[in-house]
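Working notes, beginning with the structure itself.
The values are calculated or read from the model by the stated rules, or taken from the named source; none is laboratory data. A quick note: this is a predicted structure, and the numbers were derived from the prediction, not measured. Positions of Cβ are backbone-derived with ideal geometry, glycine not excepted, and every protein chain shown enters the neighbour counts. Ligands, DNA and RNA are excluded from the accessible area calculation, which covers all protein heavy atoms including side chains. Shrake-Rupley method; radii C 1.70, N 1.55, O 1.52, S 1.80 Å.
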Amino acid sequence: MAPGPALTWALADGIAVVTFDLPGEPVNKISRAVKQDVLATFEALERDAQVQAVAFFSGKPDTFIAGADIEEFVTLTSAAEAERLSADGQDLLERVARFPKPIAVGIHGACLGGGLEFALACGYRVASDHPKTQLGLPEVQLGILPGAGGCQRLPRLIGARAALDMILTGKVEPAPRAFRLGIVDELVHPATLKDITLAAAKRMAGGWRTKRRRRGGLVAWLLDGNPLGRQLVFRTARKQVRVKTGGNYPAPLAALEAVEHGLKHGIREGLKREAQLFGQLAVTDVSRKLVQIFFATTALKKDFGIPNPPPPVAVRRLGVVGAGFMGSGIAGTAVVQAGVDVRMKDADLPRVAKGLAAAREILDDRLKRRRITRYEHARLAALLSGGDTYAGFGRAELVIEAVFEDLQVKQQVLGEVEAAIPESAAFASNTSTIPIHRIAAAARRPEQVIGMHFFSPVARMPLLEVIPSQRTAPGVISTAVAFGRRLGKTPIVVQDSPGFWINRILTPYMNEAGQLLAAGVAIEEMDRLMVQFGFPVGPITLLDEVGMDVAEKVAGVMYDAFGERFTPSPAFAGMVKSGRLGRKTGKGFYTYDGAKKGGVDAAVYELIGTQPNGGPRPAEIIQRLVLVMLNEAARAVGEGIVRSPRDGDIGAIFGFGFPPFRGGPLRHADDLGPARIVGELERLAERYGARFAPCDVLQEHARANTKFYP
Ligand code: 3H9
């Protein structure tokens, strides 16, 4: 077999320098064809007597290996076929592990999934300390498990506890942490990666072998080093996984089983079990949905929401007006993610100081979690400044306002900012409901005005709604989208309409939760049912997190815009009046002790004006909450609020945690089938009123037997 085109090699002083550079692809990935290349290359290296050792690199600038080719999973039709794919991957890496000549890998860029499994099969791992160098086994996020020996080799290298922590969450570790964990043998500056890897290969050719010491001392020995300790580790992990996945995601439990089986019965048996479980998982509907989300998110990385987008302006200085919770969240995130200079402005200095301190907390948190160094923390903190005037805004390329959600206040701020910033600078409003064209109605340069709707808490929530008005210049749209990406967000460009996409579909859901409370459903019961459905929290907890005042305001705007079917639930009015605004005031539907959430406050039922009496059946509670949202989502898609079902689904998943394993509200609607949804909505409308009347879009799909996705 001749070496294939993905891998090339050259001999230097007895060391074969192999470069993996998949032609025509932005990243290296391991497909069936690549496996053949690897086999052929290694056969040639084995035969060549001049080759004493191998140094392996990627030819891509930012990735080492992104893993197995995910597109191949989509084509798998049976568990047996998927099991074979896994077993083939294992065989290949077994050959790499047993290769008679030593192999050192030089890792720069993403080293994920099958990529890390490959690196683990090699004798020595050097990694660059560049932020792009990240290592991990993210398979569970695709609904599968590391199926090329990762469930066996990682725990043997770093211990069961640390390996499970990575495998069961799919989290990806930066190179310095991977080094501390013992995954990487040497951490070096990117400029020296090649030389140091070559030197390691050379040393190994001369018979040298690295001595690895299991880290963690006595505790590690007690928990990882003996079967009894490991039993405890697995029991605890299993319990945690069950709580976290709620039984909706089978991959983490299966991965745990693969790891445990291998440690109990040896690597050979472990690999067998790993392949079987991989096979079962790869063809599940959950995995299909998660893979669809991966491709949708990837496609969104390149999508600016408009045809032929002009190049974005590079934002170096950001102005933030409003130093409250959202403003400081935006400021802190902008500094830590994008390294821009941020100037905050609020009405008085104490407020500014509070906002700056809150923004700094985001940096402190990163430092605490060792995501940035002390030096970086100091450098980034120096980028934050503020005042009670617009001083410093004259150099901003972008200003984001996060002031009180009131049209007049926002228009006034816009007027002041326009007077202070360069003509070319963009102005973004972080409004959650008010149409941008209304804010821009009073603007001198409406083409520079856009909406950038962040979600709370800004540092953690991955979605950004970008809302151009009809007059917004295309360059401002690209700038807002590109800047959102620099902040680590997934932006979706949505139509300028009240509530945009997220609040448009979330408000009927929240209102229905109020209706159900009024009908006697207990608060915890409703939350429990929706968590069981797959949401991270139930609707009542979400109201406490968002804040009842904010929710009431949103509900009011939406009712004014869309009328009767958005009638706010009367159950909530008493909450705001009595100051029970949720977590931020220390009391809402639930009680709070600092950051800790307590139980339901029984006094709340007095305010709502009902007592729990069971209410409708659980299935009907879920049905009402879900279908009212699906109906509004379908209607909004019909109006073009989102540009595609893909954007709508990603928005709902990233914006408020619509269960990822259901693929988003529109995929879920497709799965239920439009005819069934229409039938159920008609029955609900008969019983509970016109808010459930099925929208035209669903009726049309039902009539034509079509769906949102082809
Ligand atoms: C696995 O390894 C299973 C094994 O355990 C065992 C098997 C037996 N496959 O994201 P980007 C494409 S499972 C196919 O924009 P970035 C991506 O779709 C795998 N395609 O770049 C896009 O295509 P296009 C575990 C892939 O620099 C292009 O590459 N690995 C794969 O922002 C550029 O991607 C993962 O889950 C892949 N594995 O981020 C890692 N990876 O240009 C998944 C990328 O046509 N990948 N593509 O739209 C990532 O997390 C990011 O892509 C990465 C680069 C960080 C690597």
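Here are the numbers:
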{"read-out": "Failed criterion for Gly115 (all others in (1) within 21 Å of Ile267 (Cα to Cα); (2) away from the ligand (no atom under 11 Å from the Cβ); (3) surrounded by 23 or more Cβ atoms within 10 Å (Cβ to Cβ) hold)", "value": "(2)"}
{"read-out": "Subset of segment 73-100 (residues that are surrounded by 19 or more Cβ atoms within 10 Å (Cβ to Cβ) and either modelled with pLDDT of 95 or more or more than 13 Å from the ligand (Cβ to nearest atom) (or both))", "value": "Ala82, Glu83, Leu85, Ser86, Ala87, Gly89, Gln90, Leu92, Leu93, Val96"}
{"read-out": "Filter result (at pLDDT 90 or above, in contact with a helix residue (DSSP H, G or I) (Cβ under 6 Å, 6 or more places away or on another chain) and more than 14 Å from His261 (Cα to Cα)) within segment 224-238", "value": "Ala237"}
{"read-out": "Residue match in segment 280-296 (condition: in contact with a Lys or Arg (Cβ under 8 Å, 6 or more places away or on another chain), under 30 Å from Val476 (Cα atoms) and open to solvent by less than 60 Å² (accessible area, probe 1.4 Å))", "value": "yes"}
{"read-out": "Check on Arg471, touching a His at 6+ places or on another chain (Cβ under 9 Å), farther than 20 Å from Gly355 by Cα and among the charged types (D, E, K, R)", "value": "yes"}
{"read-out": "Residues located in segment 25-65, provided they are assigned to a helix (DSSP H, G or I), more than 15 Å from the ligand (Cβ to nearest atom) and of a type in the set (Gly, Ala, Ser)", "value": "Ala40, Ala44"}
{"read-out": "Selected residue (only one of Ser569, Ser578 is among the polar types (S, T, N, Q) and crowded, with 16+ Cβ neighbours inside 10 Å)", "value": "Ser569"}
{"read-out": "Selection count where residues are in a helix (DSSP H, G or I) and touching a residue at least 40 places away in the same chain (Cβ under 8 Å), scope segment 241-259", "value": "8"}
{"read-out": "Set Val320, Val315, Val342: member being surrounded by 20 or more Cβ atoms within 10 Å (Cβ to Cβ) and in a loop (DSSP other than H, G, I, E, B)", "value": "Val315"}
{"read-out": "Long-range neighbours under 8 Å by Cβ, at least six apart or interchain, first residue over 11 Å from Leu271 (Cβ atoms) within segment 85-99, second of a type in the set (Val, Ile, Thr) and open to solvent by less than 20 Å² (accessible area, probe 1.4 Å)", "value": "Leu92/Val38; Val96/Val38; Val96/Ile103; Phe99/Val54"}
{"read-out": "Ala603 vs. criteria in contact with a helix residue (DSSP H, G or I) (Cβ under 8 Å, 6 or more places away or on another chain), among the aliphatic types (A, V, I, L, M) and surrounded by fewer than 23 Cβ atoms within 10 Å (Cβ to Cβ)", "value": "no"}
{"read-out": "Test for Val476: is it β-branched (Val, Ile, Thr) and over 23 Å from the mean Cα position of the chain (by Cα)", "value": "yes"}
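Every residue, every condition in (1) out of contact with any strand residue (DSSP E or B) (no Cβ under 8 Å at 6 or more places or on another chain); (2) at positive phi; (3) not aliphatic (A, V, I, L, M), yes or no:
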position	(1), (2), (3)
Arg643	no, no, yes
Pro660	yes, no, yes
Ala669	yes, no, no
Ala693	yes, no, no
Asp696	yes, no, yes
